[in-house]
């Protein structure tokens, strides 16, 4: 494979070849195909597709999150993204920037939850330096649990008008980073609406809790390689290192290589990792293979 061929395969999979995503069915198919994407590109660039790029059908002059307000493409792409969230075809996390959504396909989200989410989600968070939750975050969680889905504006009114939006944003970020809550809707009058994740997506949360870190990481690693076609070890560690320590990424990668589920391919002068060709009879219980094919694991 040449560098040009690799780039073309990525452009095709990421819908950057003048084949834009414009309908809800298109959006569902895209997010299930890639597994995860950012809403807007990051600077410096990150090896992962973007929803704004798929909506545009091109990667020419795509806006970053900071400049999206001035780009009419951002409004229409955001409306379609919100429809995905309402439909529960995708879930959102604040992995990189709060206003630059990290979107995950419904079939992939439980694996992500296994690495990032709380394993006792109904237990209210407690404030303290060890817990990582402020008192405001705990108060906001209880309010969302009682009254959600609820807008940030309404939350501020109930919690006390003296609370600044900056402080409330920080508190919501504390909860969102552990997947305690999630944005479930948006309108121009009230902004984003929040709900507790275990109520909004009970099956996904339950499935995530049942997964081990090892199988979840193997599945995400495999899906990432499926998404980008082939990648250097450093690129794998950079992406998955946002979820778990890089040492765990290397352990998972070595285990998949030993199981012959990954292989090396030469692209130009580089040696990249990719998914091994499908076997006639995949190893029993391989969650990585299921994740790449977009299938859910068998229910327990």
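Since every read-out is calculated from the coordinates, none of them should be taken as a lab result. Fair warning: this is a prediction, and the values are worked out from it, not measured in the lab. A quick note on method: Cβ atoms are made from the backbone with ideal geometry, for glycine too, and the neighbour counts reach across all protein chains shown.
Per-structure values
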quantity	calculated
At R0 = 41 Å, FRET efficiency that the Cβ-Cβ distance of residue 257 and residue 162 yields, to 0.05	0.15
Cubic angstrom per residue, convex hull over Cα atoms of the range 122-231	152 Å³
Calculated Rg and Dmax of the range 168-254 using C-alpha coordinates, Å	16.2, 50
Ellipticity estimate at 222 nm from DSSP helix runs (n ≥ 4, -39,500 (n - 2.57)) divided over the chain, nearest 500	-14000 deg cm²/dmol
Equivalent ellipsoid semi-axes, the range 3-107, via Cα gyration tensor eigenvalues times 5, rooted, Å	18, 16, 14
Relative contact order computed over the range 83-169 (Cα-Cα under 8 Å; 6+ residues apart), in percent	14 percent
Length-normalised contact order for the range 3-107 - Cα pairs under 8 Å, 6+ apart - percent	30 percent
Principal axis dimensions, the chain - Cα atoms, whole angstrom, descending	59, 43, 32
Rounded to 10°, Cα long-axis angle of helix 24-34 versus longest principal axis of the chain	60 degrees
Helix 135-147 axis, angle to the chain major axis (alpha carbon atoms, nearest 10°)	90 degrees
Contact order relative to length of the chain, as percent, for alpha carbon pairs under 8 angstrom and 6 or more apart	18 percent
Residue 233/residue 206 FRET efficiency (R0 41 Å; Cβ-Cβ; nearest 0.05)	0.80
Virtual paramagnetic centre 7 Å along Cα→Cβ of residue 250, amide N under 19 Å, in the range 204-238	214, 217-218, 221-222, 231-238
The chain: angle of helix 165-177 to the longest principal axis, Cα-based, in degrees nearest 10	40 degrees
Pairwise centroid distance, computed over Cα atoms, of the range 168-204 with the range 109-163, Å	8 Å
